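Below is one structure, written out as structure tokens; comments come after it.
What follows draws every value from the coordinates through simple rules; no lab data is involved. As the structure is a computational prediction, the values presented were derived from the model and not from experiment. Every residue, glycine among them, receives a Cβ derived from its backbone with ideal geometry; neighbour counts consider all protein chains shown.
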Amino acid sequence: MQVSVDQQFRGARSSAETIKRAFEFADLSEYSFKERLLIRVADLSFYLLINLIGRTTRFEVIGQENFEKAESNGGLPIYTFWHDRIFHMTYFWKRRRIVVMTSRSFDGEYIARFIQRFGYGAVRGSSTRGGVGAIVEMARLMRAGCPTAFTIDGPKGPPYVAKMGAVLLAKKSGHPILPIILALRRYWRAPSWDSFQVPKPFTKARVYIAPPIYVPHDADENLLALKRDELQQALDDMCRLGQEWSAAR
């Protein structure tokens with residue numbers, strides 16, 4: 001009996017440490033003084049800008065029933081959306097203790113910090129650096145009760161091409177993938193690889209939520225590829241609807 005209690009204690013302590021690590025700012029000692037300064041400036045600038053413009057935006061949700069289905073029976077959504085929609089996605093889904101994978105890089109660090117200010121957790125990793133370890137860490141956080149999210153074509157593209165991260169996590173965790181698109185009526189585009197969308201103040205925004213996608217725990221490579229294609233199709237379909245809505249002035 002004593003062994004069982006000890007194991008439970010160690011498991012609880014491990015979960016608490018994993019959660020703490022995700023929701024606290026990371027140590028910046030590996031960066032130069034100039035990089036640390038730039039990270040902090042970018043972090044605060046994005047936080048203030050997102051918060052300010054987000055407060056002026058009128059949001060409409062299409063597919064609320066799909067969100068409720070994903071959360072039914074104790075489900076935790078694995079949110080998936082395109083990298084160029086980070087700005088208002090961050091504002092709309094704030095304060096839900098969602099854990100997001102960010103890259104192990106200068107850009108990933110300031111992104112991690114400003115999303116943490118909105119109540120998100122951050123796990124360092126990407127499709128190219130530390131990805132497998134980050135998936136394992138996200139699975140641990142889901143077992144501790146945290147939903148998760150992926151910018152599914154990040155961190156460097158190609159844009160609008162879904163990668164496998166969310167599918168692998170759905171298989172490992174047993175929780176559903178929730179494809180989401182956010183469309184804006186008025187916005188600027190940044191000169192970045194993804195043509196990052198920056199909403200204009202007082203714009204309208206529409207959030208599209210597709211039916212959840214479930215991945216069996218015993219899915220083989222062929223089924224995983226099919227589920228990735230299903231996710232891609234859902235995002236493409238909603239993106240088309242969003243573009244039609246945005247163009248209807």
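A simple spin-label model places pseudo-atoms 7 Å from Cα toward Cβ; at TYR160 and LEU38 they are separated by 3.0 nm.
Where both partners of a DSSP beta bridge lie in region 2-247, what percent of those bridges are antiparallel, to the nearest 5?
Just about 35 percent of them are antiparallel.
The alpha-carbon of LYS204 sits under 21 angstrom from the alpha-carbons of these lysines, leaving out residues fewer than 8 places away in its chain: LYS94. Our coupling estimate for region 168-181, obtained by passing each phi through the Karplus curve with A = 6.51, B = -1.76, C = 1.60 and θ = phi - 60°, is 5, 5, 4, 5, 6, 8, x, 9, x, 7, 10, x, 9, 10 Hz, Gly and Pro reported as x. Each Lys and Arg adds +1 at its Cβ and each Asp and Glu adds -1 at its Cβ; summed about the Cα centre, the chain shows a dipole of about 900 debye. Volume of the convex hull of the chain (Cα atoms only), normalised per residue: 134 Å³.
Peptides 28-39, 68-79, 172-183, 189-200 ranked from most to least packed, by the mean per-residue count of other Cβ atoms within 10 Å: 172-183, 68-79, 189-200, 28-39. Projecting the Cα atoms of GLN233, GLN243, GLY165 onto the charge dipole of region 110-249 (Cβ charges, centred on the Cα centre) puts GLN243 farthest toward the positive pole. Calculate the FRET efficiency for LEU52 and ARG21 from the Cβ-Cβ distance with a Förster distance of 45 Å, rounded to the nearest 0.05. FRET efficiency, LEU52 to ARG21: 0.95.
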